[in-house]
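> What follows is a single structure, and I will ask about it in a moment.
The values are calculated or read from the model by the stated rules, or taken from the named source; none is laboratory data. Only a predicted model underlies this, so the values are computations on that prediction, with no experimental measurement involved. Counting neighbours? That spans all protein chains shown, and the Cβs are built from the backbone with ideal geometry, glycine included.
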Amino acid sequence: MAGNVPETGEQRFLTRPLSVVLDFARFGAALLVAVGHAVQLGLYRGPFPFGLRMQHYCVIVFFVLSGLVISTSVQGGRSSLPRYFVARVSRILPVAIPALLFAVLAAYVLAGPVRVYIDNSPDDPLEVASRLLPPMAFVSAWPGMPAPVWNPPYWSLCYEVWFYAIFALAVFLRGWARVAAVLVACVSAGGAILLLMPVWLMGVALTHAPAARRLPLTAAPMVLVGCVWLALALFEIDRAVLNPLLKAWWPGKAQWSQWALSDFAMGLVMVLALIAVRPLAQRFAEPIMRLRELAGLLAGFSFTLYLFHWPLLQLARSHGLVAGRNPLAFAALLGLVVALCALISLLTERQSPRFRRWMEARMFAPVEQRRPL
């Protein structure tokens with residue numbers, strides 16, 4: 001893949017208008033995850049049509065989008081393994097590490113008198129450390145490894161980091177070195193994580209499937225409506241059919257991949273939706289591009305919203321800030337969480353470009369400039 005001739009914007013699957021649409025989708029998915037978790041934590045007890053599956057399927061949306069964006073970023077030989085490493089590290093660490101530390105701070109310093117925790121926060125300092133260090137190494141999704149304190153959504157990042165690593169080794173290495181490195185990485189990741197890698201690779205496949213760029217505009221609305229219907233239908237059959245099939249087939253502990261068959265189905269629905277949205281985005285490119293600044297603003301703190309919303313919701317609950325059955329109070333509470341995440345992102349996500357420049361200056365500067373005086 002890294003040696004291909006660069007494609008033009010029209011030849012690539014990910015066009016500029018579609019990229020703007022996907023920025024809105026990233027924020028929308030992160031917001032829906034926060035909504036679902038707020039209901040799960042009991043901050044809202046009014047009518048709600050979905051359960052745990054909504055927020056989980058939003059993570060599947062993230063996986064497909066991630067595979068598409070990462071594959072596009074290395075398309076045409078414009079990247080290398082060191083630059084890929086810098087791009088991923090500078091994107092992940094400024095949000096992941098503060099999110100883990102903030103969750104510990106929230107659980108043990110800022111929490112209020114309502115000491116009822118859904119994730120059984122430990123009290124012993126050594127146990128706290130044992131639940132902090134594995135997530136920092138992105139191995140807390142391995143079977144038997146402890147989950148981070150007050151941040152269950154962190155599991156998907158642990159999966160995604162392994163997807164990034166395996167993909168990079170497959171793309172940038174050659175010959176037997178590639179085969180050996182990919183095999184070692186797959187064994188290290190483990191079966192549970194690999195169960196969901198095909199979902200991530202669905203996004204990658206979109207960048208290498210010419211047929212995905214040929215859907216007629218007239219057919220796009222019908223396909224998109226069909227995707228909505230399929231997604232809603234999946235909510236009716238996943239627990240009754242697909243999830244029991246996986247339990248019967250998979251002998252070990254599937255960890256967060258326990259819904260893998262349903263996740264494959266949702267991944268395919270998302271791929272079809274992206275294929276349908278692409279011609280529509282091209283057709284309405286002018287008004288969509290006028291919204292690119294708003295889309296960038298919202299997408300610019302979606303990662304922070306995803307990793308910080310759980311400890312913020314737990315803090316609210318521990319201080320008795322719940323909405324009960326009042327939808328307006330629930331909307332206000334969610335608005336507060338979103339606003340706080342937007343502010344936090346000024347110190348996390350918004351610092352990623354600066355961190356990336358710092359890393360590039362030290363890794364790629366001429367040797368003469370790196371020598372001490």
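> Being surrounded by 15 or more Cβ atoms within 10 Å (Cβ to Cβ), at pLDDT below 95 and out of contact with any Phe, Trp or Tyr (no Cβ under 9 Å at 6 or more places or on another chain) is the filter here; which residues of region 16-57 pass it?
Residues satisfying the conditions are Gln40, Phe48, Gln55.
> Report yes if Leu93 is touching a Leu at 6+ places or on another chain (Cβ under 9 Å), in contact (Cβ under 8 Å) with a residue 24 or more places away in the chain and either in a helix (DSSP H, G or I) or on the phi > 0 side of the Ramachandran plot (or both), otherwise no.
For Leu93, the condition - touching a Leu at 6+ places or on another chain (Cβ under 9 Å), in contact (Cβ under 8 Å) with a residue 24 or more places away in the chain and either in a helix (DSSP H, G or I) or on the phi > 0 side of the Ramachandran plot (or both) - is not met.
> In region 209-218, how many are touching a residue at least 40 places away in the same chain (Cβ under 8 Å), surrounded by fewer than 16 Cβ atoms within 10 Å (Cβ to Cβ) and among the hydrophobic types (A, V, I, L, M, F, W, C)?
2
> Take Val114 and decide whether it is modelled with pLDDT of 90 or more and either closer than 24 Å to Leu195 by Cβ or among the aliphatic types (A, V, I, L, M) (or both).
No: the conditions fail for Val114.
> Here's a follow-up. Within region 25-51, can you find the residues that are under 18 Å from Ala342 (Cβ atoms) and either of a type in the set (Lys, Arg) or in contact with a Ser or Thr (Cβ under 7 Å, 6 or more places away or on another chain) (or both)?
The answer is Arg26, Phe27, Ala30.
> Between a first residue in region 156-181 that is assigned to a loop (DSSP other than H, G, I, E, B) and among the aliphatic types (A, V, I, L, M) and a second residue that is modelled with pLDDT of 95 or more and buried (at least 16 other Cβ atoms within 10 Å of the Cβ), which pairs have beta carbons less than 7 Å apart while being 6 or more apart in sequence or on different chains?
The qualifying pairs are Leu173/Ala181.
> Determine if region 342-353 includes at least one residue that is in contact with a Lys or Arg (Cβ under 7 Å, 6 or more places away or on another chain) and either more than 25 Å from Pro113 (Cβ to Cβ) or buried (at least 16 other Cβ atoms within 10 Å of the Cβ) (or both). Steps first, answer last, please.
To start, the set of residues in region 342-353 that are in contact with a Lys or Arg (Cβ under 7 Å, 6 or more places away or on another chain) comprises 352.
Going one step further and asking which of them are either more than 25 Å from Pro113 (Cβ to Cβ) or buried (at least 16 other Cβ atoms within 10 Å of the Cβ) (or both), we end up with 352.
Yes.
> Is region 41-61 home to any residue that is part of a strand (DSSP E or B), over 27 Å from Ala361 (Cα atoms) and more than 12 Å from the chain's Cα centre (by Cα)?
yes
> With the structure loaded, tell me whether Gly76 is over 24 Å from Leu340 (Cα atoms), part of a helix (DSSP H, G or I) and at pLDDT below 95 or whether it fails that test. Show your work before the answer.
Values: over 24 Å from Leu340 (Cα atoms): yes; part of a helix (DSSP H, G or I): yes; at pLDDT below 95: yes.
So Gly76 fits the description; yes.
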